[in-house]
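Below: the structure, in structure tokens.
The values are calculated or read from the model by the stated rules, or taken from the named source; none is laboratory data. Quick caveat, the model's predicted, so the values are computed rather than measured. Heads up, the Cβs are rebuilt from the backbone with ideal geometry, glycines too, and the neighbour counts pull from every protein chain shown.
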Amino acid sequence: MSTAPAHETLGRPVNATGRPRGRSSPLGSRLSGLPWILPAIVLVIGLIYFPIGYLGYASTLNWNGFILSTPTSIGDANYAKMFGDPVFWNALWHTVFFYVITFSVQTFIGFTFAAVMHSRIRLGNLYKAIVFVPVVLAPATMAPVFRQIFDQFGQFNWLLSSIGLGSLTRPWLADPTTAMPVIMFITVWEWTGLTFVLYYAAMSQLSPEILEAARVDGAGNFRTLRSIVWPMCRGTTAALAVLGLIGALKTFDIPYLVTHGGPNHGTEFLGTYIYYTMAQGKHFGYAATLAIALLVLAVAGGVLLRISTSRSDKE
């Protein structure tokens, strides 16, 4: 009886270690792909995680941010200062209030516009372009326009006076009670187009048979939107909620360009407060502390929204 040679097993050649040739070890397979992802790993660590770690270190310093100056370690003093800072809590409240109002209004208007668009109106492409144009306009180009419109002698007050509502005219951007609504109005005007496009794309994926069945059962347009279309667009709403929260926490350009965070911190957000603390106050350590707080709030808010949407999907 003949036996198979020592260098063959079931017709396949083997190497000196007894492992069949042509088949690499699992460890070797994993290591073979490492050179391809190594540049991405280095880039992510260098551009994201290293700055976050450095911010955490800088938040424990008393430092004006200049290289020639000597930073002093003060432990958690900056965090104690932050929790006792009324401007920080004011900016945080503005962020929450801003998010709730702008997200609610943008969702309502964007969903309504998308529903109207699906009713086969005339000049649909022109309609979509008009709604989406504000999204692509740079805030730096539109901020001077809105400052002029809501100035004490601007077009908005002129319009109110022209229609007999002159008693309502006021310096909208110089009054803390009206400056924030103006900022929210500009934000809604700018980003409703994106909400509209996402809802329109979600509605385009709905099965026509489901909508036709609802109409056969006697459901009107409003009942169909409320009971069928809106629940089936839940995923889009959840995505917009997360994007809106991140956008609210990152809000900087519109308040800075239109009101500079004023008057009297009336439109102060975490982003503008961090900028002024660093650029004008020259307190790099405290600005880093505020940035860490902003990061924690963004991550926590995203996780909570994700958990809440996951639970609602299961229900």
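Just a few scattered comments:
- Failed condition for PHE150, given (1) modelled with pLDDT of 90 or more; (2) out of contact with any Phe, Trp or Tyr (no Cβ under 7 Å at 6 or more places or on another chain); (3) within 17 Å of GLY266 (Cα to Cα): (2)
- Residues of the range 151-191 that are within 21 Å of ALA248 (Cβ to Cβ) and touching a helix residue (DSSP H, G or I) at 6+ places or on another chain (Cβ under 8 Å): LEU173, MET180, VAL182, ILE183, MET184, ILE186, THR187, VAL188, TRP189, GLU190, TRP191.
- Scanning the range 207-235 for residues being outside any helix (DSSP H, G or I), modelled with pLDDT under 85 and either closer than 27 Å to ILE307 by Cβ or of a type in the set (Asp, Glu) (or both) gives a total of 1.
- Candidate set: the range 242-288, residues that are under 19 Å from the mean Cα position of the chain (by Cα) and of a type in the set (Val, Ile, Thr); chosen: the one surrounded by the most Cβ atoms within 10 Å (Cβ to Cβ): THR267
- Look at the range 72-91: where a residue is at pLDDT below 95 and a partner is among the small types (Gly, Ala, Ser) and part of a loop (DSSP other than H, G, I, E, B), sitting 6+ places away or on another chain with Cβ atoms under 6 Å, you get ASN78/SER59.
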